[in-house]
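Everything below concerns the one structure shown next.
The values are calculated or read from the model by the stated rules, or taken from the named source; none is laboratory data. On a predicted model such as this, the values are computed, not experimentally measured, just so you know. Cβ atoms come from the backbone with ideal geometry, glycine included; neighbour counts cover every protein chain shown.
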Amino acid sequence: MSSGSTPNRRDPGVATGVLVGCAEGLEVFHRELEQVASTVGLCSPECPVRIAILDTGYDEEVPFFFFPGIQSRLKGWKDWVDGSDKPRDCDGHGTHLVSLLMKCAPEADVYVARIAKDSKDISESSESIANAILWASREWEADIISMSFGFTDEQPCVGEAIDEVLYQRKHSILLFAAASNYGGNGREMFPARHDSVILIRATNAYGDFEDSNPPKSEDEAIVLVHWA
């Protein structure tokens, strides 16, 4: 799910948040990833990488999750929206992110934290996000935390959670976040612009940057991208 390319019209000083990504053509991309994975011939690691996805959850009834070997890789679920013990996704964004990541990292163990019901809830979910970051690091011992969303304004509790897990883990954890979805209408979102978070920009199927990306920062030496 994407908030689209419409400029972010908001009152100054009001923290707003958006989910970033696009599901169009996802199945085509999945097929391409399967070809790459088989060509590379990855062998099963003794200690799989643990990836925590903070998003709108996932719908376990989607056909993808019935494929052989998928359920066994879904190692953890935590719902900060309504405390559901059963995986759920009322939006679809999280479901697409989880399935895409499991295709991209076929040997990784995946943990999912539901931090918002949909994109409208993101702006009110900073406390849930902060708690999910701490939980992913402490309880799941995640190696990577993925956050495909962002805020226009910095969220102190989220920043403090990031700093805390980096300190506790002696920086042996990677955090990724979406750069933006509003193109030249604004700068990188938070937490992508946090000094210790790796920001992700969007590209199309041909590897070209999408117009939804924010202007590149002068001190931004490395750019990571994802297909949108």
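Yes or no: region 55-78 includes at least one residue that is touching a helix residue (DSSP H, G or I) at 6+ places or on another chain (Cβ under 8 Å), surrounded by fewer than 21 Cβ atoms within 10 Å (Cβ to Cβ), over 24 Å from E141 (Cβ atoms) and of a type in the set (D, E, K, R). The answer is yes, given that some residue of region 55-78 is touching a helix residue (DSSP H, G or I) at 6+ places or on another chain (Cβ under 8 Å), surrounded by fewer than 21 Cβ atoms within 10 Å (Cβ to Cβ), over 24 Å from E141 (Cβ atoms) and of a type in the set (D, E, K, R). Which of the residues that make up region 93-112 are without any contact (Cβ under 8 Å) to a residue 40 or more places away in the chain and either surrounded by fewer than 19 Cβ atoms within 10 Å (Cβ to Cβ) or part of a loop (DSSP other than H, G, I, E, B) (or both)? Correct list: empty. The set of residues in region 77-105 that are under 19 Å from the mean Cα position of the chain (by Cα) and more than 18 Å from F176 (Cβ to Cβ) comprises W77, K78, D79, W80, V81, P87, R88, D89, C90, D91, G92, T95. Applying the criterion of being surrounded by fewer than 19 Cβ atoms within 10 Å (Cβ to Cβ) and among the β-branched types (V, I, T) to the residues of region 151-209, the residue that is modelled with the lowest pLDDT is T203. For I122, the conditions (1) at pLDDT 95 or above; (2) over 12 Å from the mean Cα position of the chain (by Cα); (3) within 22 Å of K86 (Cα to Cα); (4) among the hydrophobic types (A, V, I, L, M, F, W, C) are fulfilled apart from (1).
Here is the figure for region 113-140: residues that are closer than 24 Å to H171 by Cβ and outside any helix (DSSP H, G or I) total 4. Among residues of region 150-163 that are touching a residue at least 24 places away in the same chain (Cβ under 8 Å), those with a beta-carbon under 6 Å from a residue that is aliphatic (A, V, I, L, M) and part of a helix (DSSP H, G or I) at least six positions away or on a different chain give the pairs C157/A130; V158/I129; V158/A130; A161/A130; A161/I133; A161/L134.
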